[in-house]
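First the structure, in the form of structure tokens, and then the observations on it.
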């Protein structure tokens, strides 16, 4: 894989995050619609980056099109996401365009987000991945582990280690 061009996500990327969130929730089959992503709070909170909360992320582009996105949001306990651990741990989402999966873009973006988290002094990030999703292998290889007691929910966490 040639490294894609990356850029920081901004609040103006809400439509990209809607597309990415729809792709994530429909990873195995079409279960939800864009209307669900927009209207249902359990999905829509992933589509907005709020810099005042500390949310951050990146888009990957190749040949003039977006091929992936990775982002982390600090959701409050009263609006917790599927992978919520605590208010100090942002929950990350990773989406790769179906045509680009398996080519290293996901690993590249995940490592970029981890570097940015380190730079920001963030000591960990969480996520949730459904049973059977092949992405779990990537997360495990990149240092994410199951959250004890939340394995059935697919909640995983990466904790910054002093190297």
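The values are calculated or read from the model by the stated rules, or taken from the named source; none is laboratory data. Quick caveat: nothing in here was measured; it's all calculated off a predicted structure. Glycine also receives a Cβ, built like all others from the backbone with ideal geometry; neighbour counts cover every protein chain displayed.
Summary table
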| read-out | value |
| --- | --- |
| Test: residue 65 is surrounded by fewer than 20 Cβ atoms within 10 Å (Cβ to Cβ), more than 11 Å from the chain's Cα centre (by Cα), at pLDDT 95 or above and closer than 17 Å to residue 7 by Cα | no |
| Conditions (1) surrounded by fewer than 20 Cβ atoms within 10 Å (Cβ to Cβ); (2) in contact (Cβ under 8 Å) with a residue 24 or more places away in the chain; (3) within 20 Å of residue 12 (Cβ to Cβ); (4) in contact with a strand residue (DSSP E or B) (Cβ under 8 Å, 6 or more places away or on another chain); number of the one not met by residue 108 | (3) |
| Options 122, 96: the member that is at pLDDT 95 or above and closer than 18 Å to residue 161 by Cα | 122 |
| Scope the range 69-107; condition more than 12 Å from the chain's Cα centre (by Cα), closer than 21 Å to residue 37 by Cβ and part of a helix (DSSP H, G or I); matching residues | 78, 79, 98, 99, 100 |
| The range 22-44: number of residues that are in a loop (DSSP other than H, G, I, E, B) and closer than 24 Å to residue 138 by Cα | 6 |
| Leading residue by the ranking (surrounded by the fewest Cβ atoms within 10 Å (Cβ to Cβ)) among those in the range 130-161 that are in a strand (DSSP E or B) and free of Cβ contacts under 8 Å to residues at least 24 places away in the same chain | 145 |
